[in-house]
1. Within the range 145-154, take every residue that is at pLDDT below 95, open to solvent by 30 Å² or more (accessible area, probe 1.4 Å) and part of a loop (DSSP other than H, G, I, E, B) and give me the one that is nearest to residue 20 (Cα to Cα).
2. Go through the range 1-33 and give me each residue that's outside any loop (DSSP other than H, G, I, E, B), in contact (Cβ under 8 Å) with a residue 40 or more places away in the chain, out of contact with any Pro (no Cβ under 9 Å at 6 or more places or on another chain) and open to solvent by less than 90 Å² (accessible area, probe 1.4 Å).
3. Under 6 Å by Cβ, and 6 or more places apart or on different chains, what pairs join a residue from the range 209-237 that is in contact (Cβ under 8 Å) with a residue 24 or more places away in the chain with one that is open to solvent by 90 Å² or more (accessible area, probe 1.4 Å)?
4. For the range 192-237, which residues satisfy the criterion of being part of a helix (DSSP H, G or I) and surrounded by fewer than 14 Cβ atoms within 10 Å (Cβ to Cβ)?
5. Of the residues in the range 171-208, how many are free of Cβ contacts under 8 Å to residues at least 60 places away in the same chain and in contact with a Phe, Trp or Tyr (Cβ under 9 Å, 6 or more places away or on another chain)?
Amino acid sequence: TDDLVDEFYLERALIAAQPVCRISIRSASGHERGCATGFMISPRLLLTNEHVFGSADEAEPSIAEFNYRLDIAGRPEPSYQFRLRPDLFFFNNELLDFALVAVEGSSVDQGVPLRRFGYHRLIAESGKGLIKEWMTIIQHPAGARRQFAIRENQCVEDRDPDVIWYMSDTAQGSSGAPVLNDSFQVVALHHSGVARQDDQNNYILKDGRKVTSLTDVDDADVDWIANAGIRVSRICA
């Protein structure tokens, strides 16, 4: 296939990355107990997964960190931490695995305005992601500085009204990342990996073993066949 892109694709990618943040999931004591990805969808609202924030109490001590990335020389850029404000707004949905939470308008450290990072306007109409179209995922895998999945990331399944499947590299910590089409419209909210199963819904591991649950199974042993994202049109609806 012709995989050439115009130069403005790269410029758009950098702009599209600005509203994406690393989420530091913290306990009430301030200890980091996990990490995830999220992105702004309005001047004050952050979108991530319900399995990241199952309640307002879980969101309250956590932090959204923007510009958590490396510069052109591979050195850490200054990043900016913002408190979450579930007391102002919080909503989640277990079935579609999404959570919305308000973010403080200024950063904790230098008082940097949140509006500096912009937001992605969600489009309610369906049809933004099609079979064999390329998906770009902007993410913080394993809590790392911002990374892009721009290769071998084709949409491979779109029959489910709630979910699309795509081939892409992700990791724990990528939950809540935006899945975008080549026009950098948000197609889906990254939800999870899809593991190979048999007709009895047993998981088939890389070594051929079958298990009924992936609990306590090392990710490296799982035969991941795709990733799944929740359609933005369903979240909007």
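The values are calculated or read from the model by the stated rules, or taken from the named source; none is laboratory data. Note that the structure is predicted; figures quoted are calculated from it, not measured. Using ideal geometry, Cβ is built from the backbone for each residue, glycine included, and neighbour counts are taken over all protein chains shown. We work out accessible area using only protein heavy atoms, side chains counted, and drop any ligands, DNA or RNA first. Shrake-Rupley method; radii C 1.70, N 1.55, O 1.52, S 1.80 Å.
1. 150
2. Quick first cut of the range 1-33, residues outside any loop (DSSP other than H, G, I, E, B) only: 7-17, 20-26, 32-33.
From the residues that got through so far, the ones that are in contact (Cβ under 8 Å) with a residue 40 or more places away in the chain too are 9, 12-13, 15-17, 20-24.
Pick out the ones that are also out of contact with any Pro (no Cβ under 9 Å at 6 or more places or on another chain) and you get 9, 12-13, 15, 17, 21-24.
If the condition is that a residue be outside any loop (DSSP other than H, G, I, E, B), in contact (Cβ under 8 Å) with a residue 40 or more places away in the chain, out of contact with any Pro (no Cβ under 9 Å at 6 or more places or on another chain) and open to solvent by less than 90 Å² (accessible area, probe 1.4 Å), then 9, 13, 17, 21, 22, 23, 24 are the ones that fit.
3. Between residues of the range 209-237 that are in contact (Cβ under 8 Å) with a residue 24 or more places away in the chain and residues that are open to solvent by 90 Å² or more (accessible area, probe 1.4 Å), the close pairs are 223/196; 223/206; 225/196; 233/126.
4. Just the residues of the range 192-237 that are part of a helix (DSSP H, G or I), to begin with: 219-221, 232-236.
219, 220, 221, 236, listed by residue number.
5. Residues in the range 171-208 being free of Cβ contacts under 8 Å to residues at least 60 places away in the same chain and in contact with a Phe, Trp or Tyr (Cβ under 9 Å, 6 or more places away or on another chain): 9 in total.
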